[in-house]
């Protein structure tokens, strides 16, 4: 088929042919063509097969609204053929086809319609056996499900996000949107206008007699410096406080607008009759788009179903394009096209008052039956009314109501910085739309305190003619589609109401009407009408539909953008790598797991443990949380936050910190070093420090103590030098701190300089050995580390990693918050009554701890050990159950092999009544085997804690 | 995205904030029964009308109060704890 | 072809089954009034009428049938919890789903294709081991699997080897599955209605009259009703409804959001969820990918959706399956969840003698629909809390006997 001559087809560049393939056949279109237009120009109208019945389907709206135009690109399923532009070599195939589009092996499904009434799948596929659905029917049905095919090898694409801000966002660049945007911008507002099409103008770009107005608006828009026009940009939702996602290609612009004008237009609606889904049947606006945008002649011999003036305009357009016009059918009783009809009559076109009841044709329209007469044609154009584009307004809180008198839907806006203008507001003629747009712009200007005037609302005589309420009766032979996406016919909705699904939402769920890709754009109105009639109610009583974002399908890629999980590295990350560390993620941090070749992991970890027990090791503890609590009330503050007492803690001393929540559950622990009367340096566990920091200030917002808290976790790095020879290492450092036994006792701390670096030094540790922990500003971390390594050369100081650290701490029975505790662990269950002050009048959780104590001890964390070969599976590993009369009463929280003690050691919750030392408890290994063990204390190694105090 | 106005930092996107839940009265442990203390621990104002909540501006770790309608999500006002005490 | 289809093919007119009778006039009195016409209320009505012979029952629904969380959840059915009380309860829930289509003569399309929960950290793996040990001990089908098995079960997963979210293993729950949520409610409704239970849509309970610790009257927008026994099962409205009877529940409401893509040919055969990413995915029998995750971060009784949650869920989904970048999202929505302090439901007695609670389901009530219905019916019929429900009493909080299921809810439901 040849193209219409210019000026038809202003979007295509006839100098630039573009070739592509559809279903294996080569087609040629022009630059600017979309897939559907270039195929139509080559007389290829069928684009897909329908979801359930595999009926031939083609374009209907040319607006990217329906599932019928969805096609498959190699790595991109469900692409809108009526919006996606062709490119050289593009490979396009049809979707939902078994075999080929032309010869779909599943086309027989169309004949089986009577076997598949609405909701039939709820009543069948259940037998003959209980699991028949799962084993037999479901796999069969899953094969038929879905539309496009996902390419699981699709390559990664680049997606971006940006933020935009403006005084006014105008959604829709048609006559209303352009007018409003220009009016507001000329008055000084900062305006963004977003238009989903590649050019501004909306319906003016294809509607008859619109070019002068379009030309004028485009000129004015170009002259506005503070009007940003974004074409190809979809405004895909409305979220609280005028937060709107604008999508252009692979980029998401999250836009904050002070005011929003929705000039989103109207959705033209199809008519309902038998076989209304045949290729060759399309909306009036679709025919106009084909002609004016792409110079495609929509057919050779046409029937126009016109129930409003626009229908007559389309008929005149078709004549201008050289389409033979068989007749214009006007379904309105006494309906007439007025002057437009006269213009048609002078060109010899007959008008018939009546309705179309059926269309005929196999793969394309061949004829229609109008008032009992069969009229041969290959094009049927429907112009029977429209509904406001309700999605964005309704997402923003507008209510959609039905005006029975004028057979039209109206939107009522919420009290918000949100406005509507143009055909979304029920207006049709150019004059009325323009006046309405100016009105809305001045409402906005008033809100923005810019020069404005009051403009009255407009009544549009043409809009009154634009809609009529058709009587929808089910065709006895069916195939009168209400929802083409889902293959829903009139009788399906009627039958659903007879089954008792009388509420619109129930019908939606039972029939799936409106659930497909078009999300009810062409079906919501008709469905509401059918249901109202079938249940003998008004549309006001049944309601219409809900609107959930997004407005149109949007890719997950554009929503996720560039996304990388948060990763944190200590100041020594590169140094650890240089030392051959196996780095592993722990929470957000990367930490050395051990140092050396991965294949020797166990051996190396054992050596690291032995180094600490027999010599000296050093651990990077920079990930530990660090908080500075400062102020005259700092001691009182810690007294309320932690379970021990801090007010009388001497300067230069460290004290254990145990934190419980209001429920008396242990949530964190650490150490507080008092650096001055009004300053404590407090550590917190790596994973909890952010929460502890927040909680501290949360409580103080209520207590109003004279204290401030600073999170210095990232500011400080820390190293723990531990082992019998640790003192030799620190004493070899160039420092002004006396590290001697006499000068620096266990649990003491001070500030000083080491290797020229300011440090906070503490005699604390997690290994049970003689330990010194040095914290310094992170910028000096490498200097300090290198000095420590240098000083440690004489004793072969060895850096050790996380796994050795875990073994060392478990050998000492130290708990790990979050591993050995859970959401219910009380200090009593840990045996930590020593850490809970009895004398303080208050700390967070005190009352709950007492209440829980009065109820008895349900469980207690106990030490357990097992003599078994290292690799034995008959040892309870972490998370294995502790059983009492075969009922789980607790579980193993930590379990490791101790290379020092040459046995398996574990911490586990045992029943409160079994917590005395020596009591035998039963555990269930992962392999199911039961083992017994006597309860021990927590500290397996050096139970008297002599080594740390040497 | 909703906007919340921090008394210190001004209007910001709500994802900069963390909600710490409705304000609770602080009962006196000395005079409160176990049953009432348990109620204090577990019960939270979940009414559908206006609730007064603690919020935190995360980057500044600043805590303040907000009156918010728990059904419409409308924020009626935000204020500091000092302002709350100053109220009659 | 199933024989039943022939019935349709050879009937001249569409043969109406009449699943849900039109709402009748309210009587002045019922033996049992069930407030809430969602899955739970309707299941209870079914069990009362079929197994306890109690048919003078009214189910009151303020909107349309099953329009609350029954309609909005993402239909996961599983029993991979961590407390022995929770596992025992949900295990029976899964078993009842296995029989449900036959029980109701309504195909609820229970699709038991298994649930795979991913561990990206050692801590998660440790908690999976505990859930597996607890589950195995109770006889459920659950195990911890290594990274290679994860890959075998879901070959398209991004394992992120060497990355910060490397998949270290998973919790494989072969009993897990999904069902058609609406069908569950409709099937129970149709069965209950056939035995004489009245279903009243657009009937809102406005308040109660009480006397001597009993509810004497239920006030509705269509008139007052006397009731022998009353059950509350109104999802996101539970807190408010209980308050109308003077009962204070430790519940907070949060929106829970989900979203769904356009239909695709099936490629994802199990449920996949990630604890660290707060994201889970399942492909429905229609071919859509349903994606859900964590709750909103503050209390709200609204079903509005947010862009932030959609971005967050998309990040999670495209991290797990990078090729989903090009897949198009069709719809997002939200439900209101009624969360308890320990993430377990509140079932059983209330301070009022004839008021029974089926509340606090939070993010996970759908999977309990049949088992909660069964035992709430037994409880109401006997006037005594069924033993399996006893641990879920509202009194457990004051006793510090919480059933902590926080780790087993969140992203993995």
At what distance in angstrom do the alpha carbon centres of region A:227-253 and region A:594-673 lie from each other? 49 Å
Which FRET efficiency, nearest 0.05, do residue A:588 and residue C:244 yield, Cβ-Cβ r, R0 45 Å? 0.50
The Cα extents of region A:21-71 along the principal axes, largest first and rounded to whole Å, are 34, 24, 15
Spin-label proximity, residue A:473 to region A:101-126 - amide N less than 11 Å from point 7 Å beyond Cα toward beta carbon: none
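How much mean residue ellipticity at 222 nm does the protein assembly as shown get from its helices, if each DSSP H run of length 4 or more adds -39500 (n - 2.57) and you divide by all residues, to the nearest 500 deg cm²/dmol?
-7000 deg cm²/dmol
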Given contacts defined as C-alpha pairs under 8 Å and at least six residues apart, what's the relative contact order of chain A, whole-number percent? 8 percent
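When only C-alpha pairs under 8 Å and at least 6 residues apart count, what is the relative contact order of region A:403-501, in percent?
21 percent
Stokes-Einstein diffusion coefficient for region A:844-949 at 4 °C in a medium of 1.567 mPa s, Rh from the Kirkwood formula over Cα pairs: what value in µm²/s?
Roughly 88 µm²/s, to the nearest whole number.
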Cα-based Debye curve of region C:81-136 sampled at q = 0.16, 0.24 Å⁻¹ gives log₁₀ I(q)/I(0) of -0.64, -0.98
For chain A, the longest principal axis of the Cα atoms and the Cα long axis of helix A:211-222 enclose an angle in degrees, to the nearest 10, of 30 degrees
C-alpha center-to-center spacing [region A:746-765, region A:536-550] in angstrom: 71 Å
Would you mind checking the tilt of helix A:781-791 against the longest principal axis of the Cα atoms of chain A, expressed as 0 to 90 degrees and rounded to 10? 30 degrees
How would chain C be classified by its alpha-carbon gyration tensor: rounded, prolate or oblate, with rounded meaning a/c under 1.5 and the a/b versus b/c comparison settling the rest? prolate
For region A:1-149, calculate the relative contact order in percent as a whole number, restricting contacts to Cα pairs under 8 Å that are 6 or more residues apart. 22 percent
Where the Cα pairs of region C:195-305 fall when distances are cut into 10 Å bins, in %: 11, 28, 23, 22, 14, 2, 0
Whole-number D in µm²/s for region A:1-149 (Stokes-Einstein; Kirkwood sum over Cα pairs; 20 °C, 1.002 mPa s): 125 µm²/s
Any idea what Rg and Dmax come out to for region A:270-384 if you just take the C-alpha atoms, in Å? 12.6, 37
In whole Å, what is the distance between the alpha-carbon centres of region A:567-591 and region A:777-831? 15 Å
Which percent, nearest 5, of DSSP beta bridges in chain A are antiparallel? 75 percent
At 7 Å along the Cα-to-beta-carbon direction for both residue A:232 and residue B:9, put a label point, then send me their distance in nm to one decimal. 3.6 nm
Give, as ranges by residue number, the residues of region A:34-65 whose backbone N falls under 19 Å from the point 7 Å along Cα→Cβ of residue A:98. A:48-57
Pop the C-beta distance of residue A:885 and residue A:703 into the FRET formula with R0 = 41 Å and round what comes out to the nearest 0.05. 0.30
For residue A:867 paired with residue B:34, estimate the spin-label separation in nm (one decimal), with each label point 7 Å from Cα along the Cα-to-Cβ line. 4.5 nm
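Let's test the formula: R0 of 60 Å, r as the Cβ-Cβ distance of residue A:747 and residue C:384. What FRET efficiency results, to the nearest 0.05?
Computed FRET efficiency for residue A:747 and residue C:384 comes out at 0.55.
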Would you mind classifying region A:438-567 by shape? Square roots of the alpha carbon gyration tensor eigenvalues, ordered a ≥ b ≥ c; an a/c under 1.5 is rounded, otherwise it is prolate if a/b is larger than b/c and oblate if not. oblate
Based only on Cα atoms, what mean projected area does the convex hull of the protein assembly as shown have, in nm²? 55.9 nm²
Picking from C:72, C:399, C:131, which is most flexible by a Gaussian network model of chain C using Cα springs under 10 Å? C:399
Would you kindly calculate the mean projected area, averaged across all directions, of the convex hull enclosing the Cα atoms of region C:298-376, in square nanometres? 7.8 nm²
In which sequence would A:129, A:599, C:369 go, from the one with the fewest C-beta neighbours within 10 Å to the one with the most? A:599, A:129, C:369
Added length on full extension, which subtracts the Cα-Cα distance from 0.36 nm per residue, residue A:135 to residue A:222: 25.0 nm
Treating the Cα atoms of region A:791-847 as identical point scatterers in vacuum, please give the log10 of the normalised Debye intensity I(q)/I(0) at q = 0.20 Å⁻¹, two decimals. -0.87
Under the 0.36 nm per residue contour assumption, what length would be gained going from the current alpha-carbon distance of residue A:636 and residue A:930 to full extension? 100.9 nm
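Which ordering of C:319, C:269, A:775 is given by a fewest-first count of other beta-carbon atoms within 10 Å?
Ranked by crowding around the Cβ, least crowded first: C:269, C:319, A:775.
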Near-label residues of region A:301-335 by backbone N, under 18 Å of a point 7 Å along Cα→Cβ of residue A:342: A:309-310, A:312-313, A:316, A:335
Dividing the Cα radius of gyration by the Kirkwood radius, what Rg/Rh value follows for region C:10-107? 1.03
Enter the angle in degrees (range 0 to 90, nearest 10) between the Cα long axis of helix A:689-703 and the first principal axis of the Cα atoms of chain A, meaning the one along which they spread out most. 90 degrees
Quick one: if you stick a label point 7 Å off each Cα along the C-beta vector at residue A:901 and residue A:350, how many nm between them? 10.3 nm
Give the order of C:350, A:826, A:401, A:367 when sorted by the count of other beta carbons within 10 angstrom, beginning with the fewest. A:401, A:367, C:350, A:826
Between residue A:6 and residue A:212, what length in nm is gained on full extension when 0.36 nm per residue of separation is reduced by their alpha carbon distance? 72.5 nm
Can you bin region A:865-923 into rounded, prolate or oblate? Criterion: square roots of the alpha carbon gyration tensor eigenvalues sorted a ≥ b ≥ c, rounded for a/c under 1.5, prolate for a/b above b/c, oblate for the rest. prolate
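Only the coordinates and a few stated rules stand behind these numbers; no lab work does. The shown structure was predicted, so the numbers you read here are calculated from the model rather than taken from an experiment. Positions of Cβ are generated from backbone atoms using ideal geometry, with glycine treated the same way; all protein chains shown enter the neighbour counts.
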